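Just so you know, all these numbers are worked out from the coordinates, no wet-lab data involved. Please read these numbers as outputs of a predicted model, since none were measured by experiment. Virtual Cβ from ideal backbone geometry, glycine too; neighbours counted across all protein chains shown.
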Amino acid sequence: MNKFAALGLSAPLVSALEGIGFENPTEIQEKSIPLLIEGKVDFIGLAQTGTGKTAAFGLPILDVIDVDERRTQALILAPTRELGLQITNQLQDFSKEVRGINIQAVYGGAAITNQIKALKNPPQVLVATPGRLVDLINRKKVDLSTISHVILDEADEMLNMGFKEDLDFILSHAPEEKYTWLFSATMPNDIKKIVKRYMDKPIEVKVNTGNIVNVNIEHQFIQVRRDTKQDVLKRVIDSNPEMIGVIFCRTKADTQNLANDLSVGGYAVEALHGDLTQAQRERVMRRFKAHSIKLITATDVAARGIDVNDLTHVIHYSLPDDNEYYTHRSGRTARAGKKGVSMSLVTKGDLRKINYLERQLKISFTKIEAPSNSEIYQSRLEKWTAKVLEAKPTKSLNDELFEAVKGKLEDLDAEALLKHIIQNEMNGMGVGKELPTSNDHSDRSDRRDRGDRRDRGDRRDRGDRRDRRDRDRGDRGDRRDRDDRSSREDRGERRDARKSSGKGSELFFINVGEFDGVTKEELKEFVVEFGDVKATDVKVVEVQDKRSFFEVNDAASGGVEKAMSNLTVDGRKIKVNLENAPKKKKRKKY
Ligand code: AMP
């Protein structure tokens, strides 16, 4: 017997599922379909995107409604237009063989007049985003009085997005006597309140949610230096030519800037974030789904609309603050039984977050190195070789052309000829210099070269202003920097001597402040990364406009100044010195 039929689904649905290739029910489907098909329960499904939850509620609701009745019986609420459309499309696919079914979606960002027109023929299943539905209720264009089932999908997200009042308004317009099915990845207090208020002895089913991450995901991290993070990302992309991935950034600006930087570098990447218009977002999604672009950068919120089953990679360009977001992000890959990689690019300061994620989510990360040149060449040459083998000679390569080229190459024997061809191919691959490893802090010149690119996004706006100011004092600064180096090293030794005096910590000055857009937290990360000290040894005392002060525990402070000499950000030299060092007076002149 077909496994979906065994769960109690009707023949037309089972037949449609065979048509779209659903063979085995997922866990949430197995657990919820038999319960929901009876229809007469309140239900909580704790499941996240990618678990097959849409079918878990979508299939039973299609069997529960009466297709002969031309009134709205089921209302499905979803946080975003994208998710609403995904649900609608899936339900339409499932019900291909159900005659007389009418499923409609209403959502913001599209003309309300067309939706009002369509609602004149009331759908049995209405899929809606909360904001648009409130609008339609106020205009009296939708009748919820005949609803028997309300489904809240991604309920936690609806609340995160501020739809609490809208949900209350909508639910107050639905009949008292109804069944509510709530799906959510998490169970925050606000959801518990909804459960208490609107649900009656709900049955709870929990799968692969919260702290459980899909076992088909391989978690990896690469330790990077902040200044080479983008280069490492490029290498990861270069060494995975078949990659279809989402690169997660923390802010909309980071998302856009990274996509811009990668595009400038010749990578086909587009950004997906909330500052795009609906039409722009849809265009990006269409292109991504059709694989005309294989990589997108995205914020957590915008990525909710991504319904692509074949993502090979999720890349955390910045780790999320919340470990549930890590689960959500990672869950975008390894869907429907496939395998996937969730890769984090982390600085030294982020390592504790990796440990934390390991403990909290009970997963283990594999540390990998940034792909080397030889790995990049190897994967590209593999692709190239396959292409060469596929390129069967056609008439366009006529005898005349062939003989002309052959005449020039025939002095080389087969092996030499092959080497020339491969080298020529490699020369055209534009693989850059090897990167220093994450632990290699010795290659200062390299770091200086790359320093300009660091944090380009945030600093771009301020760049001009500061550049001008820096040029004014640049010469002086450079000279002083050179002159100071040896004496600074002397001071380092003196400080080492002082360490044993048992003082608690040393106070350092750094010529970076609010003007540069740094927060205490960012400055701390910067010091940890470049000052070669542990986060627990550093405390940022104060961030002023153009300078800041931080303390480093005595035992760890000896090498800070030296480690942070010769750093450049946006073309400006970073100065770090002991606040009570002999040079203090001289420095105050600036
Ligand atoms: P969802 O969690 O509902 O967003 O589903 C994730 C993806 O898995 C969707 O694209 C579904 O088409 C697919 N899917 C859901 N259930 C199954 C199943 N039983 N077999 C194969 N694919 C499925």
If the limit is 21 Å between Cα atoms, which of Lys353/Lys562; Lys539/Lys575; Lys252/Lys524; Lys229/Lys524 go over it? Lys353/Lys562; Lys252/Lys524
Sorted by chain and number, the residues with a modelled amide H under 5 Å from that of Ala105, at a separation of 5 or more or across chains, are Val127
Residue by residue, what Karplus-based ³J(HN,Hα) values in Hz, rounded to whole numbers, does region 68-74 have, using 6.51, -1.76 and 1.60 with θ = phi - 60° and x for Gly and Pro? 6, 8, 9, 9, 6, 10, 10
Just subtract the alpha-carbon distance of Gln360 and Val41 from 0.36 nm times their residue separation and send over the number in nm, one decimal. 111.5 nm
Average projected area [Cα convex hull, region 210-281], square nanometres: 6.9 nm²
Over all Cα pairs of region 316-373, how is the pair count split among 5 Å bins, expressed in % and running from 0 up to the last occupied bin? 4, 15, 28, 27, 16, 7, 3, 0
From the phi angles alone, apply the Karplus equation (6.51, -1.76, 1.60; θ = phi - 60°) to region 404-420 and give each ³J(HN,Hα) in whole Hz, x where the residue is Gly or Pro. 4, 6, 4, x, 7, 9, 6, 6, 8, 6, 4, 5, 4, 4, 4, 4, 4
Quote the convex hull volume per residue of region 21-139, based on C-alpha atoms, as a whole number of Å³. 119 Å³
Paramagnetic label zone (point 7 Å from Cα along Cα-to-C-beta, Ala555; backbone N under 16 Å) in region 528-542: 533-539
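Would you mind giving the average projected area, over all directions, of the Cα convex hull of region 5-207 in nm² with one decimal?
Seen from a random direction, the Cα hull of region 5-207 projects 10.2 nm² on average.
Order the peptides 144-150, 55-61, 408-414 from the highest to the lowest mean number of other Cβ atoms within 10 Å of their residues.
For the peptides 144-150, 55-61, 408-414, the packing ranking is 55-61, 144-150, 408-414.
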Sort the following peptides by mean Cβ neighbour count (other Cβ atoms within 10 Å, averaged over residues), highest first: 524-536, 254-266. 524-536, 254-266
Past 27 Å, Cα to Cα: identify those pairs from Lys234/Lys289; Lys206/Lys289; Lys294/Lys395, in the order given. Lys206/Lys289; Lys294/Lys395
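Can you tell me what the convex hull of the Cα atoms of region 217-373 projects to on average, as an area in nm²? Present the calculation step by step, with values, prior to reporting the outcome.
On the way: hull surface 34.9 nm².
Seen from a random direction, the Cα hull of region 217-373 projects 8.7 nm² on average.
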Treating only Lys and Arg (+1) and Asp and Glu (-1) as charged, each at its beta carbon, one finds that region 5-207 has a dipole about its Cα centre, in Debye to the nearest 20, of 620 debye
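So if each residue of separation counts as 0.36 nm, and I subtract the Cα-Cα distance between Ser379 and Ala391, what length gain in nm does that give? It would help to have the intermediate numbers written out before the result.
Working: separation 12, 0.36 × 12 = 4.32 nm, distance 1.87 nm.
Taking 0.36 nm per residue and subtracting the Cα distance, the gain is 2.5 nm.
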